[in-house]
1. How many Å³ per residue does the convex hull of the Cα positions in the range 68-222 occupy?
2. What is the Cα coordinate range of the range 8-66 on the first, second and third principal axes, sorted by size from largest, in whole angstrom?
3. Can you give the extra length, in nm with one decimal, that the chain gains between residue 273 and residue 30 once fully stretched, where that is 0.36 nm per residue apart less the Cα-Cα distance?
4. So the label point goes 7 Å from the Cα of residue 211 along Cα→C-beta, right? Which residues of the range 1-40 then have their backbone N under 15 Å from it?
5. Equivalent-ellipsoid semi-axes (√(5λ), Cα gyration tensor) for the range 45-121, whole Å, largest first?
6. So, R0 is 30 Å and r is the distance between the beta-carbons of residue 109 and residue 235; what FRET efficiency does that work out to, to 0.05?
7. More than 21 angstrom separation, counting every C-alpha pair in the range 207-288; what % is that?
8. Based only on other Cβ atoms within 10 Å, what is the fewest-to-most ordering of 266, 55, 196?
């Protein structure tokens, strides 16, 4: 039972990067970016191909991030330059990425059995699960520090202002089209990075691994925001930390659902109902 919850924490940390990406697109820019489903799989596909061809796992990390960022920037360009609705732009790129991912992989599934990963590149402890937790915690900590710093810089403030009041920030001379494109690139870079981490945890990449993945990120963001509203906290670093905590808590709740005997067949249904409850609770409180 302990291993079940440790594995849930591990997956929560793996999906934390996805949650950060959803936070950037949905909470900073107010853009429902469906590219997430495709860029998550893109990260996993590129990771699996590179590792199975003998590339170093640490070297693969920035490459995966950049490729994911390219997918996000394409969505941003379609939305800002071609004036296509943001939701439709994401759907178009996500659909195209299915074929791209399949072309990259060459088949629907790539196993990574006995292939060196980022988690066994440095041997710290004998227990594999604890080893993965330590390395993944370190990676997530670095990501949290970097994105917290970025959002507090002048550039980050301009990004946040673009989402809050696009007309005002444009009047101050900021190119909001570029800001949105860069923001979506960052969001999908983090999403692809999550695919990179999860692929190495589960030991394979699958063409369908990203289907419905956006709901996991959304659930994590909403859990974090509910906690922040309870304590009236508005700090960006704490907000991001709450999103990461929400990702972990989300996986723990799913692990609990499995531990009490809910069939894995209905897990997606449980996820949907749970996220619906999270999203609707704040709205119900406002109407009271």
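1. It comes to 132 Å³ per residue, whole-number rounded.
2. Reported extents, whole Å, longest axis first: 40, 25, 16.
3. Fully extending the segment from residue 273 to residue 30 adds 85.2 nm.
4. The answer is 37-38, whose backbone nitrogens lie closer than 15 Å to the label point.
5. 30, 14, 8
6. 0.10
7. Every Cα pair in the range 207-288 considered, those over 21 Å come to 35 percent.
8. So the ranking, lowest neighbour count to highest, is 266, 55, 196.
Where a number appears in this text, it was derived from the coordinates with a stated rule and is not lab data. This structure is a prediction, so every number in the text was calculated from the model and none was measured. Don't worry about glycine lacking a Cβ; one is built from the backbone with ideal geometry, like all the others, and counts go over all protein chains shown.
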